[in-house]
Amino acid sequence: MRCWLKIEEMALEELMQRLNAVSQCTDEIMHQDIIPLYAADIQDQLKKQFAYLSGGRGGDGCPVITFPDYPAFSEIPEKEFQNVLTYLTSIPSLRDAGIGFILVIDRRQDKWTSVKASILRIAASFPGNLQLVLVLRPTGFFHRALSDIAFKFNKDEFKMKVPIIMLGSVSELQGYIDKTQLTEDLGGTLDYCHNRWLSRRTAIEGFAQKVKQTAQILQSFGTELAETELPNDVQSTSSLLATHTEKKDKMKEDIRLAVKQGGDIRESITKPVTENPEYKLNQDQLDNQTTVERLLAQLHETETAFDEFWIKHQQKLEQCLRLRNFEQNFREVKAALDIVSERLSTFTDVGNSCSHVEHILKDLANFEEKSCETVAKARMLASEGDAFIQSNHYAVDSIIPKCSELHHLCDAFTTEIERRRNLLNKSLELHGLLEKSLKWCDEGIYLLASQPVDKCQSQDGAESALQEIEKFLDTGAGNKIKELNKIYREYAHILNEDLKEHVQKVFQKQESMEEMFQKRQVSLKKLAAKQTRPVQPVAPRPEAFVKSPCTSPGLQREYVSNSESSALRRVNCRRGKSEMTELHQSRGGSTMDDEENLAVLRQHVMNELIETERAYVEELLCVLEGYAAEMDNPLMAHLISPELQNKKDILFGNMEEIYHFHNRIFLRELENYVEFPELVGRCFLDQMEDFQIYEKYCQNKPRSESLWRQFSDSVFFQECQRKLDHKLSLDSYLLKPVQRITKYQLLLKEMLKYSKNCEGAEDLQEALTSILGILKAVNDSMHQIAITGYDGNLNELGKLLMQGSFNVWTDHKKGHSKVKDLARFKPMQRHLFLHEKAVLFCKKREENGEGYEKAPSYSYKHSLNMAAVGITENVKGDAKKFEIWYNAREEVYIIQAPTPEVKATWVNEIRKVLTSQLQACREASQHRTLEQTQSLPLPASSCTSPSRNHIRNTKKMEERKADLASLEGYGTAVAPKYPEKGKGWAKTSHSLDASEENDGWSSAEDPLNSSDAEEEGGGGGGEMKLTPGKYTVVTDYEKGVSEEFTVKSGELVQLIREGEDGLWYVKNLSTGKEGWIPANNLLMLIGNSKSAQSLSSSESGTASSTLSTSSSCSDSCNASSTSFSDIKG
């Protein structure tokens, strides 16, 4: 390796030297080492043609630069002028440029002043050596004469070291320069085209740049190749060799194109000679040809140098590839062996049931089958390494330890997998014993629970039950665990903490069951042997209560609980029942039997819950490993159709998240309650938030089922099902999470039925309600995702509270009368979605298809903002109807529910939404009102000192804040001066002239101020109960407890709080004064009507009364003052 590195360093150094020489030579050829200027850089300036190099030469070979007649010569920027002259003087060879340039300045059409300026400018800016300056003076008589005279007198002004000759015609010019070296515009025969010259110069310089750039790229590439570290594996080395070869081929192609480019330029230069052998190239053309040929030679040198370097580099990579081949194969095989060894090390679980152990054994067998290929490869590679050793490979010192390691790993894997199999077989044997014992116990418990208590009261019934028990106990010889210590000794090498605890619980359950049988036998024997004459019951002795706190078998197992506090709760819950049980045992044992039966049934439900939970977790794991993981398995990729690839998330949804929740959290928590089944409700409540993940899974289920129907016949799924030995296809297992979440509520109902009088009954009820709420949320979300045509974001509407189908009539103020009449009698079928911020009206559309594709969709029609919605609970003539109205009843929707119960549920939910909005608006208005009241001056008594007055004012403010904050359920708005009559108040407006034109009120109940509640209480004739709020005064009052406090008709007052002796503390919001008023007087001031409140969040209408109230959320939040008053009855 060191030799290789040294050879490569030398090759790279040689390549760098040769390519540096090419770059330098290229610059010299193009004179770029002196003046780094290209035609492409000043192409626009050269196109102006105010000066050009025609290729003509003077008598001694001097290059001729011509300045043709250019009217705007004086306007050329100095920078452009300098660039053009510098570039033109850099083109000829150094030898020709050293002789000097001849300048021909054509000013025949110009004026003398311009001629003078041009000569002076050229003299000042010309960068090269000058040999002669020839000026074609103006041809006009006046300017010709003027130029002769002026030139003679101003000759000293032209600061040139060469002679300036003024010429009168082109014939005189031909006396200095041969006609063949002059262009046609100067009377010569030289073939010159400025555009062609510019194009050729650009091409030559571009080719020169290409040659130099190629040399530089090859330098960088050579450095990259030489500095690239050799990989340590075959694949990377092969990839590196392929990459370098690809780059080399690209370099060769670039060189080939550059050679072709140079050849094309050379052909274009010599094309006139090819077409006409008599044609002679001028000196400029000959120079261009020489330049191109020299550049082609440099390009050839570049290619040769790179080819020689590449041969050495390629040889190095190929040798490295062969050297690394065995090492790479070793790394791959060792990595595979490490993986299978690590996977084997995960088989530490000895299972928690026979089915679980069988599943693990099956997984172990499948794993061993899959691992055989890896082990075979390892042994084959070890044999290959042994062959290298026998052939005296130069890297034998590296190969020997690798072969030894491979042999060791293969032998260790074979030994370990056999050991694991033996352990699992022992575990299967133990779990078989435990399950036989559990099954025997369950059968015994069911036997006890199934024996009717009433039939056992008779002698024959008791004898029959006793025979059943004895017959069952005879079957225990081959089913129950006999010696616990023997089990510990025989299975000590597989008994971990969990399994040992499980064995203890099974044994304790067995003992508990046997004890229950013994007690039942004693009880039944007494009943079977009792006399025919009645026996007087005898109360138990007091000592009986000290023997045992409870005879329930559940309590006998309490000491194995995971929590001491749970055990204490268990004891406290049943201590009373235990004492009663002791008492009732002496009276026939029926109460004890009932309690035992309930405990047995609770334990049965708990066992079913845990066993089904374990089976559910195993099924999820089986699907994730047998299907989902296989979709990422490269060995199975050829079985997956392209359309199915990358669709795992759609097919399985968040099943993996569900599995981790149940496996890591919920199942373990459930097992903590195995001895206390009646307390399992707390387990559900603690994890209730995590059950929200089912909503995401159910929402994805339609997409998953659609995808499954497309690819259910896929070979991939069939192969996975074959490997798992499943009788059912994948879609049955994808339905498991949906089935499981609905199963919980059934199990909770069963547990609650048997736990009515237990400590955890409330938690069970709450857990059942929460699970049903999740099911409802899942169901609602499934409907919500089917909404089509809604432009906005449904999530912005807040939580979905309710959804359902209704008949809907419209009764709007605006619109054509015929349309209104038609709408009044013809209902529309609409599906309503009630959100926190809006209610959506949709049309239900049935879809054709299968499964979820047959589910309906909902076409969005319109929506109502809950901030402007009101309700009227009862519609005359139909108990199932209610009204939703919008914007002060401009739009009225009569909703007919399927049943009165559905209507009540919707009305209550809408009331909750509107009440919460009212409370939010009330708080905002109270905050503003509080700020205003704090700013108003309070009256001070003349006999009160300033400090006392300050204390009193402060106390009033604090009391006012407290009272305002206590007004739960009230809405606030500006009190209208003339309230309207309202049909929505039909129950409470018996003294009003009810009008069908009113559309501004609803009869929604309020917790503190409800028209329905008052009607039930007194029907409108009883005394009104005053409540805190804002009211409008209807009569003057000047007899307050404080003489300073008076109110007048029309003023706004606020009832703050009720005091003693029938007094109310009132504030006059118009004057800012406060005082106490007797309640009887206050009733006359504000009227004798029942207080009412509209649960509307739109601007409410008014009624013809002295007082009014509104719960407008949209108006009250912007009101400068607030009121809440009653309508006069």
**Fill in**
Counting only residues that are free of Cβ contacts under 8 Å to residues at least 40 places away in the same chain and exposed (fewer than 13 other Cβ atoms within 10 Å of the Cβ), the range 212-252 contains a total of 10
**Prompt:** How about the range 430-549: which helices (runs of 4 or more DSSP H) wholly inside it have at least 3 residues that are modelled with pLDDT of 80 or more and under 60 Å from the mean Cα position of the chain (by Cα)?
**Reply:** 484-490, 497-529
**Fill in**
Sole miss for Thr348 among (1) polar (S, T, N, Q); (2) in contact with a helix residue (DSSP H, G or I) (Cβ under 9 Å, 6 or more places away or on another chain); (3) assigned to a helix (DSSP H, G or I) is condition (3)
**Message:** What's the number of the only condition in (1) out of contact with any helix residue (DSSP H, G or I) (no Cβ under 7 Å at 6 or more places or on another chain); (2) farther than 29 Å from Thr180 by Cβ; (3) not in a loop (DSSP other than H, G, I, E, B) that Leu19 fails to meet?
**Reply:** (1)
**Prompt:** Which one of these does Phe413 not meet: (1) farther than 30 Å from Val333 by Cβ; (2) open to solvent by less than 40 Å² (accessible area, probe 1.4 Å); (3) of a type in the set (Phe, Trp, Tyr)?
**Reply:** (1)
**Request:** Go over the candidates Ser464, Ser450 one by one and state the one that is open to solvent by 70 Å² or more (accessible area, probe 1.4 Å) and farther than 30 Å from His356 by Cα.
**Result:** Ser450
**Message:** Can you pull out every residue in the range 48-98 that is modelled with pLDDT under 85, closer than 25 Å to Thr290 by Cβ and assigned to a helix (DSSP H, G or I)?
**Reply:** Ser90, Leu94, Arg95, Asp96, Ala97, Gly98
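Matching residues to (1) part of a helix (DSSP H, G or I); (2) modelled with pLDDT of 85 or more; (3) within 60 Å of the chain's Cα centre (by Cα):
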site: Trp197; (1), (2), (3): yes, yes, no
site: Phe207; (1), (2), (3): yes, no, yes
site: Gln216; (1), (2), (3): yes, no, yes
site: Asn232; (1), (2), (3): no, no, yes
site: Leu241; (1), (2), (3): yes, yes, yes
site: Asp254; (1), (2), (3): yes, yes, yes
site: Leu257; (1), (2), (3): yes, yes, yes
site: Glu267; (1), (2), (3): yes, yes, no
**Message:** Is it the case, given these coordinates, that Cys758 is of a type in the set (A, V, I, L, M, F, W, C) and modelled with pLDDT under 90?
**Reply:** yes
**Message:** I need the full set of residues from the range 275-309 which are in contact (Cβ under 8 Å) with a residue 24 or more places away in the chain and among the aliphatic types (A, V, I, L, M), in order please.
**Reply:** Val292, Leu295, Leu296, Leu299, Ala305
**Request:** Identify the residue in the range 288-338 that is open to solvent by 30 Å² or more (accessible area, probe 1.4 Å) and of a type in the set (Lys, Arg) and, among all such residues, is modelled with the lowest pLDDT.
**Result:** Arg322
**Prompt:** Of the residues in the range 859-878, how many are buried (at least 18 other Cβ atoms within 10 Å of the Cβ) and touching a Lys or Arg at 6+ places or on another chain (Cβ under 6 Å)?
**Reply:** 1
**Asked** Hey, among the residues in the range 417-426 that are over 44 Å from the mean Cα position of the chain (by Cα) and not aliphatic (A, V, I, L, M), which one's farthest from Lys370 (Cα to Cα)?
**Response** Lys426
**Request:** Tell me which of these Lys881 doesn't satisfy, since it passes every other one: (1) at pLDDT 90 or above; (2) buried (at least 22 other Cβ atoms within 10 Å of the Cβ).
**Result:** (2)
**Request:** State yes or no: is Ile360 at pLDDT below 85, open to solvent by less than 50 Å² (accessible area, probe 1.4 Å) and among the β-branched types (Val, Ile, Thr)?
**Result:** no
**Request:** Search the range 1033-1082 for residues being at pLDDT below 75 and not in a loop (DSSP other than H, G, I, E, B), and hand back the single one that is surrounded by the most Cβ atoms within 10 Å (Cβ to Cβ).
**Result:** Leu1082
**Prompt:** So Asn485 fits all but one of (1) closer than 20 Å to Asn597 by Cα; (2) exposed (fewer than 12 other Cβ atoms within 10 Å of the Cβ); what number is the exception?
**Reply:** (1)
**Asp442 being surrounded by fewer than 19 Cβ atoms within 10 Å (Cβ to Cβ) and within 30 Å of Ala477 (Cβ to Cβ)** = yes
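Considering only the range 391-410, state which residues are modelled with pLDDT of 80 or more and open to solvent by 50 Å² or more (accessible area, probe 1.4 Å).
Across the range 391-410, the qualifying residues are Ile400, Pro401, Ser404, Glu405, His407, His408.
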**Asked** Do any residues in the range 475-498 that are touching a residue at least 40 places away in the same chain (Cβ under 8 Å) have Cβ atoms under 6 Å from those of residues that are among the charged types (D, E, K, R), where the two are at least six apart or on different chains, and which pairs are they?
**Response** Asn479/Lys436; Ile494/Lys426
**Residue ID - farthest from the chain's Cα centre (by Cα), chosen from residues in the range 89-110 that are surrounded by fewer than 19 Cβ atoms within 10 Å (Cβ to Cβ) and hydrophobic (A, V, I, L, M, F, W, C)** = Ile99
**Checklist (1) at pLDDT 85 or above; (2) open to solvent by less than 30 Å² (accessible area, probe 1.4 Å) applied to Asp780, failing item** = (1)
**Residues within the range 763-777 that are open to solvent by 60 Å² or more (accessible area, probe 1.4 Å) and free of Cβ contacts under 8 Å to residues at least 40 places away in the same chain, tallied** = 3
**Complete set of residues in the range 707-718 that are part of a helix (DSSP H, G or I) and open to solvent by 50 Å² or more (accessible area, probe 1.4 Å)** = Arg709, Gln710, Val715, Gln718
**Request:** Only one of these is touching a Cys at 6+ places or on another chain (Cβ under 8 Å), surrounded by 19 or more Cβ atoms within 10 Å (Cβ to Cβ) and closer than 24 Å to Pro737 by Cα: Leu609, Leu651, Leu670, Leu620. Name it.
**Result:** Leu670
**Asked** Mind checking which pairs have a first residue in the range 421-437 that is over 12 Å from His493 (Cα atoms) and a second that is part of a helix (DSSP H, G or I) and open to solvent by 60 Å² or more (accessible area, probe 1.4 Å), Cβ under 8 Å, 6 or more apart or different chains?
**Response** Leu428/Glu358
**Asked** For the range 323-348, how many residues are within 20 Å of Glu418 (Cα to Cα), acidic (Asp, Glu) and touching a Ser or Thr at 6+ places or on another chain (Cβ under 9 Å)?
**Response** 0
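The values are calculated or read from the model by the stated rules, or taken from the named source; none is laboratory data. If you're wondering where the values come from, they're calculated on a predicted model, not measured in any experiment. Every residue, glycine among them, receives a Cβ derived from its backbone with ideal geometry; neighbour counts consider all protein chains shown. We work out accessible area using only protein heavy atoms, side chains counted, and drop any ligands, DNA or RNA first. Shrake-Rupley method; radii C 1.70, N 1.55, O 1.52, S 1.80 Å.
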